[in-house]
1. Less than 11 Å Cβ to Cβ from Val67, Lys/Arg counted +1 and Asp/Glu -1: what total charge do the surrounding residues give?
2. Counting Lys +1, Arg +1, Asp -1, Glu -1, what net charge surrounds Ala31 among other residues with beta carbon under 12 Å of its beta carbon?
3. Given the pairs Lys50/Lys84; Lys34/Lys74; Lys50/Lys74; Lys30/Lys80, which are separated by over 30 angstrom at their Cα positions?
4. Under a crude label model (7 Å from the Cα following the beta-carbon direction), how far is Glu8 from Val44 in nanometres?
5. Label points 7 Å out from Cα along the Cβ direction at Lys34 and Glu66: separation in nm?
6. Report the FRET efficiency, 1/(1 + (r/R0)^6), for Lys84 and Leu27, where r is their Cβ-Cβ distance and R0 is 41 Å, rounded to 0.05.
7. Where the centroid of each part is defined by its Cα atoms, how far is the range 1-16 from the range 24-42 in Å?
8. May I ask for the net charge around Gln22, where only other residues with Cβ less than 15 Å from the Cβ of Gln22 are counted and Lys, Arg are +1 while Asp, Glu are -1?
Amino acid sequence: MIPNLYCEIPISFVKATLGGEQEVPTLEGKASIKIPHGTQGGTVFRLKGKGIAELGSSRKGDLHVEVHVEVPTKLNGEQKQQLKIFAESVGEENTPLHESFFRKSEAVF
């Protein structure tokens, strides 16, 4: 069995929302992964061949990278106001995990 590696990395709320590149530590240095727009916390990306080498072989496992979205903790008044405007413009219809949860719960009850 080829050994895989697992790691968790934080990404910003903005990067999770808009997408972008993210550096990831590997055994061989740094690699980069592409974060698609709308990435949810807990999403796992696989970097093929970036895990541990199998004993007696040149084959390598994969590196599985789980992202955690960081929520800003210190906002000034203007930033809070901008987020409120954003929240009003998005509404509840643009929250896939929330929608999925309530759709599934309605099927149960």
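FYI, it's all coordinate maths here, none of it is from the lab. The model shown is predicted, which means the values in this text are computed figures rather than measured ones. Quick reminder, even Gly has a Cβ in these numbers, built from the backbone with ideal geometry, and neighbours come from all protein chains shown.
1. Working: positive: Lys15; negative: Glu8, Glu66, Glu70.
Local net charge: -2.
2. Working: positive: Lys30, Lys34, Arg46, Lys48, Lys50; negative: Glu21, Glu23, Glu28, Asp62.
So the environment of Ala31 carries a net charge of +1.
3. On the way: Lys50/Lys84 41 Å; Lys34/Lys74 27 Å; Lys50/Lys74 36 Å; Lys30/Lys80 34 Å.
Those over the limit are Lys50/Lys84; Lys50/Lys74; Lys30/Lys80.
4. Simple spin-label model gives 1.3 nm for this pair.
5. Spacing of the two 7 Å Cα→Cβ label points: 2.5 nm.
6. Values: r = 44 Å, r/R0 = 1.07.
For Lys84 and Leu27, the calculated efficiency is 0.40.
7. Rounded to whole Å, the Cα centres lie 6 Å apart.
8. Values: positive: Lys15, Lys30, Lys34, Arg46, Lys50; negative: Glu8, Glu21, Glu23, Glu66, Glu70.
Charge balance in the 15 Å sphere: 0.
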